[in-house]
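All remarks here apply to the structure that follows.
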């Protein structure tokens, strides 16, 4: 592997502005790379950790489990309890959205939405009504949950009625 070049400490804000810009342009790999460069200089830079987490969640459709695990691994590095719950909720919400868009099992989608909503409830309590973000995210999850149709378990016999289908073959 090529030795990476280190960015100057005085350029972190400009670099993070670029990472944000690349996320808006739907270029999460570029945003991820910039955040990793910033974290090489300042390992606990909260803005870089959050932007990296979001860039990874932007990659859920293509990198799935790998990106989700990497994003989840960043949660303990977030300094504030509010951020840990809020961004964990975002990971769960985005994972549920991916499953919804992919036509995955409704029970799994509602389970992930439930996890997200619980995180957003705790974040809302921690912030004390000073920020509407957890409420907005909770409502988004609730609305998506209303679009998920959970099927009832099949209770009838799964055995076929051969006589009914083919008549008496004798």
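The values are calculated or read from the model by the stated rules, or taken from the named source; none is laboratory data. Given the structure is predicted, the values throughout are model-derived calculations rather than measurements. Cβ atoms come from the backbone with ideal geometry, glycine included; neighbour counts cover every protein chain shown.
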Open item on the list: Given the options 93, 32, 72, name the one that is closer than 28 Å to residue 109 by Cβ and in the same structural domain as residue 129 (by TED's automatic domain parsing).
Closed with: 93
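Residues are listed down the side, and each one gets a yes or a no for (1) in contact with a strand residue (DSSP E or B) (Cβ under 8 Å, 6 or more places away or on another chain); (2) part of a helix (DSSP H, G or I); (3) over 24 Å from residue 48 (Cα atoms); (4) at pLDDT below 95:
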position	(1), (2), (3), (4)
88	no, yes, no, no
91	no, yes, no, no
108	no, yes, yes, yes
113	no, yes, yes, no
116	no, yes, no, no
121	no, yes, yes, no
130	no, no, no, yes
136	no, yes, no, no
Task: Leading residue by the ranking (surrounded by the most Cβ atoms within 10 Å (Cβ to Cβ)) among those in the range 58-91 that are within 26 Å of residue 102 (Cα to Cα) and out of contact with any helix residue (DSSP H, G or I) (no Cβ under 7 Å at 6 or more places or on another chain) - done: 63
- [ ] Return the total of residues in the range 34-49 being without any contact (Cβ under 8 Å) to a residue 24 or more places away in the chain, surrounded by fewer than 16 Cβ atoms within 10 Å (Cβ to Cβ) and assigned to a helix (DSSP H, G or I).
- [x] 1
Open item on the list: Given the criteria surrounded by 15 or more Cβ atoms within 10 Å (Cβ to Cβ) and either in a helix (DSSP H, G or I) or within 18 Å of the chain's Cα centre (by Cα) (or both), does residue 14 qualify?
Closed with: no
